[in-house]
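Structure record follows, encoded as structure tokens.
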Amino acid sequence: MKVLFFGDIVGATAVRHLAERIPRWRREYEIDLVVANAENAAVSDPDDINRGFGTPARVVETLFEAGVDVLTGGNHSWDAPDAALVFEHPRVLRPHNVERSLPGHGTVRLAVGLRHVTVVNLITRSAALPHAIARAPLSAFDELTFEPGDLILVDFHAERQLEKRALGHALDGRVAAVIGTHTHEPTLLTERLPKGTLFVADAGMNGPSGGVLGMAAEDFYDQLRGGALGAFTLATGPFQLGAVLLDFSGRRAEIRRFAPVQV
């Protein structure tokens, strides 16, 4: 089985860019499952950087039609005005370990060929915003039960790399892969942990380069002068791809950066 995982998708242009290419990539690289973090996929409020993104229904439809199988989320999962409706879709996730009163669910199990895959979405307190208070991610994971033989993939939305690596080792041998999201900065190492779990601290960003986390660099200058973050605009640089390819086809599972010839 081959799994293609896209890190945080930032903005409508990035959604269109991926939607145009995912069908071809699925064919060329013989991909069995596509998972994408889409919590930043649309701008819902350009005046509030903390609550101004989200995953509206139109984005969900576009990405699923393009061949994405599961959408994961993070601290911006509830930003879109129609978020509650979107979370009724069984393959749209938000972090499992947030306040239980928030709409949505954090796990999904689906058949992929002759196997079953369970995707789990987790977040740390360092990444969660005040409205999405997070329970301890490892404790929340320990509460879950899985069917024997399932391939378990974890999207771990966290601010600090040490948190991601710590969870990777905590789940080493218990899950097939731990993939970090949230920082938008792709980390160099893709590795197989000692007990076999595939790991990357951050898959990276899919969106406009030339700024900060896909946004215009100028939007952050006031914060560096002691002010607060407020309104924002998206950056305008060339598209930046942040994705990893996980291959469970051989005797030894492998993870590597997804680097197609044509991005």
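The values are calculated or read from the model by the stated rules, or taken from the named source; none is laboratory data. Only a predicted model underlies this, so the values are computations on that prediction, with no experimental measurement involved. Neighbour counts run over all protein chains shown; Cβ positions are idealised from the backbone, glycine included.
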Practice item. Just need a number here: residues in segment 72-106 that are among the hydroxyl-bearing types (S, T, Y) and surrounded by fewer than 16 Cβ atoms within 10 Å (Cβ to Cβ). Key: 1
Revision key, fill the gap. By residue number, the members of segment 59-106 that are of a type in the set (S, T, N, Q) and out of contact with any helix residue (DSSP H, G or I) (no Cβ under 9 Å at 6 or more places or on another chain) are T72, S101
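Of all residues being assigned to a strand (DSSP E or B) and not hydrophobic (A, V, I, L, M, F, W, C) in segment 207-254, which is surrounded by the fewest Cβ atoms within 10 Å (Cβ to Cβ)? Just the residue, please.
Of the residues in segment 207-254, the ones assigned to a strand (DSSP E or B) are 207-208, 212, 215, 234, 239-240, 243-247, 254.
So of that shortlist, the ones also not hydrophobic (A, V, I, L, M, F, W, C) come out as 207-208, 240, 247, 254.
Details: G207: 30, P208: 21, Q240: 19, D247: 17, E254: 15.
So, considering only residues that are assigned to a strand (DSSP E or B) and not hydrophobic (A, V, I, L, M, F, W, C), the one surrounded by the fewest Cβ atoms within 10 Å (Cβ to Cβ) is E254.
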Review point. How many of the residues in segment 81-119 are polar (S, T, N, Q) and at pLDDT below 95?
Key: 1
Exercise for review: Look at segment 107-159 and say how many of its residues are assigned to a loop (DSSP other than H, G, I, E, B), in contact (Cβ under 8 Å) with a residue 12 or more places away in the chain and touching a helix residue (DSSP H, G or I) at 6+ places or on another chain (Cβ under 9 Å).
Suggested key: 4
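So that you can scan it fast, the table gives a plain yes or no per residue for (1) under 20 Å from A38 (Cα atoms); (2) of a type in the set (V, I, T); (3) surrounded by fewer than 22 Cβ atoms within 10 Å (Cβ to Cβ); (4) modelled with pLDDT of 95 or more:
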residue: L138; (1), (2), (3), (4): no, no, yes, yes
residue: I179; (1), (2), (3), (4): yes, yes, no, yes
residue: E185; (1), (2), (3), (4): yes, no, yes, yes
residue: R192; (1), (2), (3), (4): no, no, yes, yes
Review point. Under 8 Å by Cβ, and 6 or more places apart or on different chains, what pairs join a residue from segment 197-218 that is touching a residue at least 12 places away in the same chain (Cβ under 8 Å) and under 19 Å from G52 (Cα atoms) with one that is surrounded by 24 or more Cβ atoms within 10 Å (Cβ to Cβ) and of a type in the set (D, E, K, R)?
Key: M205/D8; N206/D8; G207/D8; G214/D8
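So, R100, is that one farther than 28 Å from V212 by Cβ, out of contact with any Asp or Glu (no Cβ under 8 Å at 6 or more places or on another chain) and assigned to a loop (DSSP other than H, G, I, E, B) or not? Can you show your working first?
Values: farther than 28 Å from V212 by Cβ: yes; out of contact with any Asp or Glu (no Cβ under 8 Å at 6 or more places or on another chain): yes; assigned to a loop (DSSP other than H, G, I, E, B): yes.
Against the criterion (farther than 28 Å from V212 by Cβ, out of contact with any Asp or Glu (no Cβ under 8 Å at 6 or more places or on another chain) and assigned to a loop (DSSP other than H, G, I, E, B)), R100 qualifies.
Looking only at segment 140-177, which residues are charged (D, E, K, R) and surrounded by 23 or more Cβ atoms within 10 Å (Cβ to Cβ)?
To start, the set of residues in segment 140-177 that are charged (D, E, K, R) comprises 142-143, 147, 150, 155, 159-160, 163-165, 172, 174.
Matches in segment 140-177: D155, K164.
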Review point. Is there a residue in segment 52-69 that is touching a strand residue (DSSP E or B) at 6+ places or on another chain (Cβ under 8 Å), aliphatic (A, V, I, L, M) and within 15 Å of F232 (Cα to Cα)?
Key: no
Review point. What number of residues within segment 68-93 satisfy the criterion of being closer than 18 Å to D45 by Cβ and part of a loop (DSSP other than H, G, I, E, B)?
Key: 10
Point to revise | Top-ranked residue in segment 22-46 [being surrounded by fewer than 16 Cβ atoms within 10 Å (Cβ to Cβ) and in contact with a Gly (Cβ under 7 Å, 6 or more places away or on another chain); ranked as nearest to V261 (Cα to Cα)] | key: P23
Exercise for review: Go through (1) more than 19 Å from V154 (Cβ to Cβ); (2) within 18 Å of the chain's Cα centre (by Cα) and name the single condition L93 misses.
Suggested key: (1)
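Going through segment 1-23 one residue at a time, which ones are part of a strand (DSSP E or B) and more than 25 Å from P46 (Cβ to Cβ)?
Those that are part of a strand (DSSP E or B) and more than 25 Å from P46 (Cβ to Cβ): K2, V3, L4, F5.
Would segment 14-31 turn up any residue that is closer than 19 Å to L129 by Cβ and at pLDDT 95 or above? Outline the logic, then answer.
Filtering segment 14-31 for residues closer than 19 Å to L129 by Cβ gives none.
Checking segment 14-31: not a single residue is closer than 19 Å to L129 by Cβ and at pLDDT 95 or above.
Closer than 23 Å to F239 by Cβ and of a type in the set (V, I, T) - does that describe any residue in segment 93-105?
no
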Exercise for review: Tell me which residues, restricted to segment 24-41, are assigned to a strand (DSSP E or B) and not β-branched (V, I, T).
Suggested key: L33, A36, N37
Study note, to complete from the structure: The residue that is modelled with the lowest pLDDT, considering only those in segment 240-263 that are of a type in the set (S, T, N, Q) and more than 12 Å from M1 (Cα to Cα), is Q262
